[in-house]
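Worksheet: the structure to be examined is printed underneath.
The values are calculated or read from the model by the stated rules, or taken from the named source; none is laboratory data. This one's a predicted model, so the numbers in the text were calculated from it and none came from an experiment. Cβ coordinates were reconstructed from backbone atoms using ideal geometry, including for glycine residues, and neighbour counts include every protein chain displayed.
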Amino acid sequence: MTSRDGFTWTHASGLTAGVPSIGVIDPPTNVPNSDASYDVIVVGAGYCGLTAARNAAAEGLKVLLLEGRDRIGGRSWSSNIGGYPFEMGGTWVHWGQSNTWREMTRYQMMNEVERSFDFSHGVNHYELNITKQGYTMSHEKEDELLISALNKFTNIDGVYGRDTIPLPYDTFHTAAAKDLDNLSAQDRINSIAPSLSPQERAALESFVLLCSGATLITTSFHEFMHWWAMCGYTYAGCIDMLISWKFKNGQSSFAIRFFQEALATKRLAYAFNTPVNHIRDIGAAVEITTRAGTRYTAARLICTVPLNVLGDVTFDPHLSASKRAAIATGHVNQCVKVHAELANRDLRSWTGVAYPHNELMYAIGDGTTPAGNTHVVCFGGGNKPIDPEVDIDATKRAVSNMFAQQDETPQIERLVFHNWSNDEFAKGAWFFPAPGLLANHLEDMRERHGNVLFASSDWALGWRSFIDGAIEEGTRVAYEVGKELVELRNVKG
Ligand code: FAD
């Protein structure tokens, strides 16, 4: 099945909207009629909504899952093209991400992963292109450069953040951690700038921007330190946990397992292509109205709509002023991720940075396609925004510019991408906050509103902004709703 989401470009077909995915659900609905009543309605079929719907159905609740898109997976989905899975959004998983790994164990998928980068063959080096200055170095030197720069960046307390964020699931456990959220990444870089070489600074800045998808000024230094803490306070931990392992058959091969399990309970009704416009809490129940005007009711509602699009749903009664303030602030990640399939067969072990002049700034050799081509994944973001589908030649140029030091000009056979910034159901990539958002509003984002519970990777406690955080949150709210409804039934006898 082909999703409406995503784009591909090839010489033969030009730019095409929509890519195939096993995450597209056919038939798109199994809802018998709008009069049916449910224990819980789940809005959103990303990992958070899928987890919540599956757990609630498995616990015996009657569940209705409503999704605006034609597919499951939300910000994590894959498209298999020419026998090769391209990851359109969330990609990497690691056993240090305990919620994700628990689910992979449930579905016996622990071995269905493969390495992303592989420094064992072909062009095997790191290119650091800083405007007009280019350097080529071994991956060992790349690591040395980043370790040196990141250690200076993160060493806020003499122990690389360990005293300031000792318990990352309680991110503001210390007062000092809250203070960090007043700072931007730019503030921190300014304070250590004299100690950084130009190479360290470019490598550091591009790495931080790779994490935030924003600008240095809009990147919360605290949130970067939270990622760092989750990764064990080391660069090696970051590389291991953030970009090492991906599913052999793509993210959608994982997400579909949640959906299939929920469906097998026979307690899951679902409707795709069904954006929710309005949510009304009527005391004894919650009523939702879809964009098409259909109404459904349930005892509870789990809303997994991401922060940047939550303002497009109206609530009666109004959400609290502080929750609305968080929604109005939003998150800042406008990451652009572009996959390039290159006829150059020997770039498997290449990594590169082109910063700050290029629209794509960070890229790695990520695989070899069945055709024998190299798959390189490239990242840009809010520091130099680009809409890849608007000017495909500019996008191709941005890919080519990653290889300034490479003798061989990259021969682009195919581009694959999803424009998350222009996506009406995301308006951004993974959650990343500007300074102040979390210190002021983390609790507000998590707060329930009567019979409506809010769950999202965007306000998870641990791997916030990761697939793991989405599963953490879906697990939390399904448990809470299940417990409440059982208690209610017991009271009613
Ligand atoms: P979503 O996946 O956004 O799910 C919310 C769902 O709600 C969506 O399906 C949306 O369509 C739906 N929705 C929105 N509005 C409405 C409405 N009004 N009515 C009905 N439905 C609606 N994480 C990792 O762990 N590893 C990675 O390598 C990684 N890389 C990433 C790269 C990119 C480019 C992106 C975009 C994300 C990446 N992430 C990664 C983050 C990860 O994808 C997300 O944190 C996670 O998938 C979010 O899950 P969620 O269920 O909380 O939200």
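For the reader, a short list of remarks on this structure follows.
- Candidates Val338, Val313 - the one that is surrounded by fewer than 21 Cβ atoms within 10 Å (Cβ to Cβ) and within 12 Å of the ligand (Cβ to nearest atom): Val313
- Residue tally, condition over 22 Å from Ser195 (Cα atoms) and in a loop (DSSP other than H, G, I, E, B), over the range 131-163: 3
- When Asn333, Asn308 are checked against the criterion of being of a type outside the set (A, V, I, L, M), out of contact with any Ser or Thr (no Cβ under 9 Å at 6 or more places or on another chain), within 14 Å of the ligand (Cβ to nearest atom) and under 24 Å from Glu223 (Cβ atoms), a single residue qualifies: Asn308.
- Restricting attention to the range 90-130 and to residues that are of a type in the set (Ser, Thr, Tyr) and not in a strand (DSSP E or B), the residue that is surrounded by the fewest Cβ atoms within 10 Å (Cβ to Cβ) turns out to be Ser120.
- Within the range 18-57, being in a strand (DSSP E or B), closer than 20 Å to Gly250 by Cα and more than 16 Å from the ligand (Cβ to nearest atom) holds for one residue alone: Pro20.
- Here Ile471 qualifies as within 16 Å of the ligand (Cβ to nearest atom), under 24 Å from Ser3 (Cβ atoms), at pLDDT 95 or above and out of contact with any Pro (no Cβ under 9 Å at 6 or more places or on another chain).
- Strands (runs of 3 or more DSSP E) within the range 331-373 that include 1 or more residues farther than 23 Å from Ile130 by Cβ and over 18 Å from the mean Cα position of the chain (by Cα): 336-342, 360-368
- Looking across the range 406-432, the residues that are within 13 Å of the ligand (Cβ to nearest atom) and touching a helix residue (DSSP H, G or I) at 6+ places or on another chain (Cβ under 9 Å) come down to Phe417, Asp423, Glu424, Phe425, Ala426, Lys427, Gly428, Trp430, Phe431, Phe432.
- Condition met for Val353 (aliphatic (A, V, I, L, M), within 16 Å of the ligand (Cβ to nearest atom), at pLDDT 95 or above and within 21 Å of Ile243 (Cβ to Cβ)): no
- One residue stands out in the range 433-449 among those that are farther than 19 Å from Thr215 by Cβ and among the hydrophobic types (A, V, I, L, M, F, W, C): the one that is nearest to the ligand (Cβ to nearest atom), namely Met445.
- Evaluation of Leu65 against the conditions (1) near the ligand (Cβ under 7 Å from one of its atoms); (2) within 30 Å of Glu487 (Cβ to Cβ) shows that the sole unmet condition is (1).
- Subset of the range 89-102 [more than 12 Å from the ligand (Cβ to nearest atom) and in contact with a Phe, Trp or Tyr (Cβ under 9 Å, 6 or more places away or on another chain)]: Trp95, Ser98
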